[in-house]
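K.L.:
Questions regarding the structure given below will be posed in turn.
The values are calculated or read from the model by the stated rules, or taken from the named source; none is laboratory data. Since the model is a prediction, treat every value here as computed from it, not as a measurement. Virtual Cβ from ideal backbone geometry, glycine too; neighbours counted across all protein chains shown. What goes into the accessible areas is simple: the full protein's heavy atoms, side chains included, and nothing from ligands, DNA or RNA. Shrake-Rupley method; radii C 1.70, N 1.55, O 1.52, S 1.80 Å.
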Amino acid sequence: MITDMEGVDGIYDSELQVMPFQSPLWKESCKLLTDEVNAAVEGLLVGGATDVVVWDGHDSGRSLSVLDIHPKARLLTGRPISRTLELDPSYSAVVFIGQHAMAGAENGILSHAYDSRGIQNIWVNGKPTGEIGGRVLLAGAMNVPVIMLSGDTAACKEFHDLIPGGECAEVKSGVSRTAGYMISHSAACALIREKAQKAMKRLEEFKAYKIAGPVEVKIEFTTSAGARFDLREGVERLNDRTWVFRGKDIMDAWLKYGYF
């Protein structure tokens with residue numbers, strides 16, 4: 001389970017809610033996320049899962065606690081971890097909880113791609129890509145299907161563009177980047193539980209999402225000082241803010257840039 005916070009029901013303001021130990025409502029946000037995660041764990045277990053690993057993926061892994069996590073789940077937390085998020089081919093599936101849409105997504109609440117301040121756009125073989133796409137591609141490279149996501153309307157649309165039959169718990173709908181319609185917390189958890197259970201029961205229907213090589217990953221940073229890379233085979237600087245990373249496949253290309 002890959003978790004984030006900007007896609008959690010009730011979350012709409014970065015400064016107010018999602019900055020670790022700085023936002024006035026940080027503790028409440030952690031509670032909202034934890035309840036959604038635990039609802040997903042419950043659904044997956046009822047659906048047939050035997051082992052659920054939860055990665056605390058928001059802002060350096062400081063959002064979830066072993067005091068509150070579902071007793072039948074294992075929590076992966078802290079930094080650093082591998083650039084492939086400790087994912088390996090032994091997993092049966094990946095799910096996203098609290099996921100946001102990519103930078104520039106229409107009415108995507110708190111939409112961004114990995115670094116909200118540093119990255120303007122990402123393209124993979126010319127296709128706009130955010131955290132959903134990048135991590136779907138990572139899972140696919142390991143032959144692991146992605147089966148479910150919870151987040152806002154824009155995140156569900158982005159997910160279904162890649163995984164048309166994937167289960168999606170739409171817990172909120174944006175009217176701008178910092179406002180939207182939210183369902184109640186209890187309703188969100190119930191929906192997430194239902195979708196996770198259904199996704200797990202449908203596991204055999206899902207296939208890993210793959211793209212053929214060669215692969216080009218192009219990243220446009222917000223400023224010319226956004227990043228510095230060694231010029232080497234497969235790495236090219238297009239202009240002051242844009243770099244291209246090329247490889248024989250998605251793993252080769254993306255890892256020349258950084259982590260998934």
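K.L.:
With a ≥ b ≥ c the root eigenvalues of the C-alpha gyration tensor of region 115-247, is it rounded (a/c under 1.5), prolate (a/b larger than b/c) or oblate?
P.N.:
In terms of gyration-tensor shape, oblate.
K.L.:
Looking at the chain, do any whole DSSP H helices span at least 27 angstrom along their long axis by alpha carbon and average 0.0 or above on Kyte-Doolittle, and which?
P.N.:
26-46
K.L.:
Report the relative contact order of region 1-72, percent, no decimals, based on alpha-carbon pairs under 8 angstrom and at least 6 residues apart.
P.N.:
Dividing the mean separation by the residue count of region 1-72 yields 35 percent.
K.L.:
If you roll a 1.4 Å probe over the chain with all protein chains in place, what percent of the accessible area is carbon or sulfur?
P.N.:
Carbon and sulfur atoms account for 50 percent of the accessible area of the chain.
K.L.:
Among Ala187, Ala139, Leu231, pick out the residue whose Cα is farthest towards the positive end of the charge dipole of the chain, where Lys and Arg carry +1 and Asp and Glu carry -1 on C-beta, about the Cα centre.
P.N.:
Going by the Cα projections, it comes out as Leu231.
K.L.:
Quick one: Cα centre-to-centre distance for region 105-134 and region 27-73, in angstrom?
P.N.:
24 Å
K.L.:
State whether region 137-199 is rounded, prolate or oblate according to the following rule on the C-alpha gyration tensor (a ≥ b ≥ c being the square roots of its eigenvalues): a/c under 1.5 gives rounded; otherwise a/b larger than b/c gives prolate, and the remaining case gives oblate.
P.N.:
oblate
K.L.:
So I have (1) 12.9; (2) 19.4; (3) 15.4, and one of them is mean projected area of the Cα convex hull in nm² calculated from this model. Which one is it?
P.N.:
(1)
K.L.:
Straight-line reach from Lys201: which aspartates and glutamates have a Cα under 14 Å away, not including same-chain ones fewer than 8 places off?
P.N.:
Glu42, Glu167
K.L.:
Restrict the search to region 1-96; then list the chymotrypsin sites (Phe, Trp or Tyr not before Pro) that DSSP places in a loop and that have at most 12 other Cβ atoms within 10 Å of their Cβ.
P.N.:
When the chymotrypsin sites (Phe, Trp or Tyr not before Pro) of region 1-96 are filtered for loop state and at most 12 Cβ neighbours within 10 Å, Phe21 remain.
K.L.:
Going down the list Lys172/Lys198; Lys31/Lys207; Lys172/Lys210, which pairs span over 23 Å between their C-alpha atoms?
P.N.:
Table pairs above 23 Å Cα-Cα are Lys31/Lys207; Lys172/Lys210.
K.L.:
Here's another thing I want to ask about it. Compute the accessible area per residue over the chain, keeping the other protein chains in place, probe 1.4 Å, unit Å².
P.N.:
Value returned for the chain: 45 Å² of accessible area per residue.
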